[in-house]
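All remarks here apply to the structure that follows.
The values are calculated or read from the model by the stated rules, or taken from the named source; none is laboratory data. Fair warning: this is a prediction, and the values are worked out from it, not measured in the lab. Backbone-built Cβ (ideal geometry, glycine too); neighbour counts: all protein chains shown. We work out accessible area using only protein heavy atoms, side chains counted, and drop any ligands, DNA or RNA first. Shrake-Rupley method; radii C 1.70, N 1.55, O 1.52, S 1.80 Å.
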Amino acid sequence: MGFWMHRSCLIGFLAATVLVTGSLRAAEPVFSNQTGPAGVTMTHGTSGFANSNYTGGATIGDFNNDGWQDLFVFSGGNNGQPDRLFINNGNGTFSNEAASWGLTAVHKGKGATVADYNKDGWLDLFVTSAGPAGQSQQPGHHKLYLNNGDGTFTNVAAVAGVNFTNPNVQDGWGASFGDFDLDGDLDLIVGGSTPGNAGSKLFRNDGDDTFTDVTVEIGLFSGVPGIFGFSPSLVDMDGDRYPDIPFVGDFGSSRYFRNNTDGTFSEISNQANTAQEENGMGSTLGDFNNDGKLDWYVTSIYLPNINWTGNKIYRNVGNHSYGEFSEFAGVFDGGYGWGTVAIDFNHDGFLDIAETNGGGNGTFLNEQSYLWMNNGNHTFTEQAIASGLQHFGKGRCLINFDYDNDGDQDIVIASNNEPLFLFRNDVEGPDANWLRVFLDSSGDSSLAPNGFGARVFATAGELKMMRSVDGKVSHLGMSELSAHFGVGAAFVVDRVCVQWPNGTATTLADVDVNQTITISTTNKIGDLDGDGLVTLSDHAVFLDCMTGPQGGIDPCCVGADLDEDADVDAADFAAFTLVFDGV
């Protein structure tokens, strides 16, 4: 049926679900401020242009491929300082190596995102900018920093065709990479705020280190009212493998675009029921109720005296339909919301929500950042201060990464014209086990790098979870490119399945917990776990697929259907024995 439920019906549905799911709360996160000890002390300076109070961006990426996540942070420009590139030393500290990497420009930076856009194995960095500090607003200042693989970047934005989004004035806020046409390379969407959507662009990656602006060609914004676009994402929302565009915008301008799978999009916000927040700022995507579908959380402003109703959770009920239940969940009042992430901070198997916020007026001055812990029953409990996540001020970008490689996810908060904060998460105990998954899709040219667009499923006892690996944004920044799972007291993850955007799958059985793994693609017949061989580990996956659901093949078992007849049976097993490499 459709999902045009009245709020009371939705709340009744969720309340009934509480009786079924219950709460699986495990350990609790314990945050501590490690900004000074980690060596990332800095203060963002105002960017000095229209709406400059909205800025304060940062982003995460392993830029030197050493297995430790690095941190890029905007300076702001008007303080006379270049941006920071904090390279992870692997011992809990960072060193600012921006100068040696070539990031010496003093400019009015806004948003940043990462991806290996040219498929050379190194993460590149795209930066939206209003130009040099002290210069009038002119176009042509965005930066695409090509990672040379030798500890340096080169700005190739002009050559690549992405150095501006509006030909008349500066524009551009958040940005996201994603393979919207599934051709194996990463395209780029940039959110803008000038009238008529003139500053919001979709750039198609042409596969030759250049991009083409296809916004008008495909009619992306045809008939769509202007979006004050802060946070666009290219993410598959309905499981058809093609990235859609959930686009967060201020002043009631958020929009939802369905990918038509033919190179075009349709704006279906009313049909999807996803345009309810009055002042969309930040965004995060995650499966909050473990039903295998991506939900959408949008930060906004809570001022009930003028009917600003705050943050929204759009629960995905399938086929691009959503039900909004932020009031029932208890996450609607986040002050003046900005950056946000969805991460399982306490490793109980359910995604929690962290959000930073703050405005310049008295109502939201020194407003705290928030941490809503998922109770496992569609409700959340706020405990930022109790957990040690004590941040007050003009927070703008909040992102997550495991900077010390201890298995739990840590938090960075970048603020407007205020200091940066790094909070280390020290959740631990027998009920706080975890698994962290990175993806390597370099073995299949039909796939975008780093598994962009893949969905990772994990089963540990009764826990069944899904995480997406993609370019979803927070506000002006992007988090770690991994799939992170908390598994509570489980000692083994029974099955991990990667569903790649080309329709193939890689599946691992009986994976030990408390480790970081990389799952790769493969072109070898019978290699179900992606390790390049057909061994007993593949045999275990194969047997699991043979005893799987009847009447249709499990998407995680497509590689086991060796005779391609849509089931996994004795004939497939006979073919499997012929390619078996042994133990």
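Amide H contacts for Trp308 (H built 1.01 Å from N in the peptide plane; partners 5 or more residues away or on another chain; cut-off under 5 Å): Leu303. Free of any GluC sites (Glu not before Pro) that DSSP assigns to a loop and that have at most 10 other C-beta atoms within 10 Å, the longest stretch within the chain is 1-461.
So for the chain, averaging the separation of alpha carbon pairs under 8 Å that are six or more residues apart and normalising by length, what relative contact order in percent results?
RCO, the chain: 14 percent.
Sites listed here are trypsin sites (Lys or Arg not before Pro) in segment 360-457 whose DSSP assignment is loop and whose Cβ has at most 14 other Cβ atoms within 10 Å, and the list is empty. Summarised in one figure, the compactness ratio Rg/Rh of the chain, Cα atoms and Kirkwood Rh, is 0.95. Taking amide hydrogens as placed 1.01 Å from N in the peptide plane, the amide H of Glu382 sits under 5 Å from those of Met373, each at least 5 positions away in sequence or on another chain. Rolling a 1.4 Å probe across the protein heavy atoms gives segment 278-328 an accessible surface of 27 Å² per residue. When all protein chains stay in place and ligands, DNA and RNA are ignored, the 1.4 Å accessible-area order of Trp101, Trp68, largest first, is Trp68, Trp101. Net charge of the neighbourhood of Met281, taken over other residues with C-beta under 10 Å away and scored Lys/Arg +1, Asp/Glu -1, is -2. The packing ranking, built from the mean of other Cβ atoms within 10 Å per residue, places the peptides 339-352, 27-40 in the order 339-352, 27-40, highest first.
Once the gyration tensor of the Cα atoms in segment 137-178 is diagonalised, the equivalent ellipsoid follows with semi-axes of 22, 12, 8 Å, ordered largest first. Here the mean projected area of the convex hull built on the C-alpha positions of segment 52-152 is 6.6 nm². For the pair segment 523-583 and segment 129-201, the centres of their Cα atoms are 44 angstrom apart.
As an exercise, find the ratio Rg/Rh for segment 466-513 from alpha-carbon atoms, using the Kirkwood inverse-distance average for Rh. So for segment 466-513, dividing Rg by the Kirkwood Rh gives 1.04. Over all projection directions, the Cα-based convex hull of segment 379-538 averages an area of 11.1 nm². Distance between the C-alpha centers of segment 204-276 and segment 64-112? Whole Å please. Taking the Cα centre of segment 64-112 as reference, the centre of segment 204-276 is 30 Å away. Between the helical axis of 7-21 and the longest alpha-carbon principal axis of the chain there is an angle of about 50 degrees. In whole percents, the pair-distance distribution calculated for segment 299-392 from its alpha-carbon pairs, binned every 5 Å from zero, is 3, 14, 22, 25, 19, 11, 5, 2, 0.
Taking Cα centre as origin and charging only the Cβ of basic (Lys, Arg, +1) and acidic (Asp, Glu, -1) residues, the dipole magnitude of the chain rounds to 2460 debye. Relative contact order for segment 196-300: 19 percent, from Cα pairs under 8 Å spaced at least 6 residues apart, divided by residue count. A viscosity of 1.567 mPa s and a temperature of 4 °C, combined with the Kirkwood radius over C-alpha pairs in the Stokes-Einstein formula, give segment 343-414 a diffusion coefficient of 100 µm²/s. For segment 153-295, the Kirkwood hydrodynamic radius comes to 15.5 Å, computed from all pairs of different C-alpha atoms. Helix 570-579 axis versus longest C-alpha principal axis of the chain: approximately 80°, rounded to the nearest ten.
Annotation: amide H of Gly102 within the under-5 Å range of Phe153, sequence separation 5 or more or interchain, hydrogens built in the peptide plane. Entry note, the chain: the mean residue ellipticity at 222 nm calculated from DSSP H runs of n ≥ 4, each adding -39500 (n - 2.57), is -2500 deg cm²/dmol after division by the residues and rounding to the nearest 500.
Contact order normalised by length for segment 109-242, with contacts defined as Cα pairs under 8 Å and 6 or more residues apart; what percent is it?
Relative contact order for segment 109-242 comes out at 20 percent.
A simple charge model with +1 on the Cβ of Lys and Arg, -1 on the Cβ of Asp and Glu and nothing else charged puts the dipole of segment 398-556 at about 540 debye relative to its Cα centre.
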